[in-house]
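The values are calculated or read from the model by the stated rules, or taken from the named source; none is laboratory data. In this text, all values refer to a predicted model and were calculated from it rather than measured experimentally. As a convention, Cβ positions derive from the backbone with ideal geometry for all residues, glycine included, and neighbour counts pool all protein chains shown. Surface areas here come from the heavy atoms of the whole protein model, side chains and all, with no ligands, DNA or RNA. Shrake-Rupley method; radii C 1.70, N 1.55, O 1.52, S 1.80 Å.
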Amino acid sequence: RQQGLPENASVHAVAHVLMDWLNQLPEPLVPYDMHDSVQACLQLPSPADRSRNLRLLLENLPWHSLPVLDATLSLLKEASSPPASLSNGLTPVAAALCITPAVLR
């Protein structure tokens with residue numbers, strides 16, 4: 001199975017389909033009952049503590065959410081990194097702003 005975006009794929013079309021699909025899920029990839037814990041992690045003053053605690057939280061995601069989240073973040077990383085970002089205009093910040101509402105509804 002080929003990984004990543006094909007060279008001729010429109011990142012905007014792929015992103016649109018992905019966002020529609022994520023928004024139609026009955027529950028976000030990070031379940032509602034984990035939102036307070038995620039928010040608490042994001043409030044930690046130390047970047048190292050935030051990173052460590054978020055990783056620990058992600059280990060407790062439902063079995064079906066983790067591979068989807070991993071694939072989604074990998075796709076966004078590829079699409080927002082050079083050379084792809086030079087042609088599609090997608091920055092890491094823009095990718096994060098687009099995906100966060102679908103992951104944490």
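Assorted remarks:
- Flag if Glu78 is open to solvent by 50 Å² or more (accessible area, probe 1.4 Å) and in contact (Cβ under 8 Å) with a residue 40 or more places away in the chain: yes
Residue by residue, here is whether (1) open to solvent by 80 Å² or more (accessible area, probe 1.4 Å); (2) within 12 Å of the chain's Cα centre (by Cα) holds:
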site: Pro26; (1), (2): yes, no
site: Ser37; (1), (2): no, no
site: His64; (1), (2): yes, no
site: Leu104; (1), (2): no, yes
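- Arg55 vs. criteria charged (D, E, K, R) and either over 14 Å from the mean Cα position of the chain (by Cα) or surrounded by 12 or more Cβ atoms within 10 Å (Cβ to Cβ) (or both): no
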